[in-house]
Amino acid sequence: MTRWLGVALLPRADHTRSAILLQQSLGGDRPLRPSLSEDGNLPHLTVFQGPFTDTIDPEYELARIRASVTLPKELSLTSVGVVHQPTGWLFMSVERPTLLRQLQEAVLDRLAPHLDREAFDTAKDTSHFTDSERASFVRYGYRYTGEAYAPHITLGRTDEEAALELVRTAPERTRVPVEWTFDRLSFYVMGEHGAHAEKMAELPLANE
């Protein structure tokens, strides 16, 4: 059976609440989907997500991933601001330091053998992808790896016209914190629009 799963960085508790408030203030009278919450769809920064076979053991793999990269107790990333991504996505993007790229490489090394490649959506319209995003999708079934990796907290999705309008008016609607701090790794079940719907395993960043 195919399972749609992901690995993510989770924000510190106060920054989790900040992300929830950011989504609410940005969307306003046009709520973004899915709704973020502390006990539902958690705000998160995806490292990788995709379809996996039953051979995968989330707790085991998450521990191996953490052991393969030296991570600090907390990882603080500078915000790049609210951005639009076709089609209809709103992201709170952050910088992409070397450590974050190394973490994704470690995740891909561990998880690629467990990918259910027959579940890749080969009929998906990728005409709005960049060349590097298209290459990433073909290789891993996920748009954002390697040069195409664009670390972000997803603030939600709406129709394309509304998304463009919300990004344009974002400075009037909300204030984006300059820095976001993450303190945990999570292996999760994907929900609506790739949401962090259910936590399967969680570890602090640093192996103390």
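Looking at Val167, Val176 in this structure, which one is out of contact with any Lys or Arg (no Cβ under 6 Å at 6 or more places or on another chain) and part of a helix (DSSP H, G or I)? Sole residue among the options that is out of contact with any Lys or Arg (no Cβ under 6 Å at 6 or more places or on another chain) and part of a helix (DSSP H, G or I): Val167. Listed conditions (1) open to solvent by 20 Å² or more (accessible area, probe 1.4 Å); (2) over 23 Å from Leu205 (Cα atoms) are all met by Gly81, apart from (1).
When the range 130-152 is filtered for residues that are in contact with an Asp or Glu (Cβ under 6 Å, 6 or more places away or on another chain) and either of a type in the set (Ser, Thr, Tyr) or over 18 Å from His193 (Cβ atoms) (or both), the ones remaining, listed by number, are Ser132, Ala148. Kindly check whether there is at least one residue in the range 56-68 that is in contact (Cβ under 8 Å) with a residue 60 or more places away in the chain, surrounded by 15 or more Cβ atoms within 10 Å (Cβ to Cβ), in contact with a helix residue (DSSP H, G or I) (Cβ under 8 Å, 6 or more places away or on another chain) and closer than 22 Å to Glu198 by Cβ. Yes, that holds for at least one residue. Scanning the range 1-34 for residues that are under 14 Å from Gly194 (Cβ atoms) and not charged (D, E, K, R) returns Trp4, Leu5, Gly6, Val7, Ala8, Leu32, Pro34. Cβ-Cβ under 8 Å, sequence separation 6+ or interchain: first residue in the range 1-30 and under 24 Å from Met200 (Cα atoms), partner of a type in the set (Ser, Thr, Tyr) and part of a helix (DSSP H, G or I). Which pairs? Close Cβ pairs satisfying both conditions: Leu10/Thr16; Pro11/Ser18.
The values are calculated or read from the model by the stated rules, or taken from the named source; none is laboratory data. Just so it is clear, the model here is predicted, and its values are computed rather than measured. Neighbour counts are summed over all protein chains in view; Cβ atoms, including those assigned to glycine, are modelled from backbone coordinates with ideal geometry. For accessibility, only protein heavy atoms count, side chains too; no ligands or nucleic acids. Shrake-Rupley method; radii C 1.70, N 1.55, O 1.52, S 1.80 Å.
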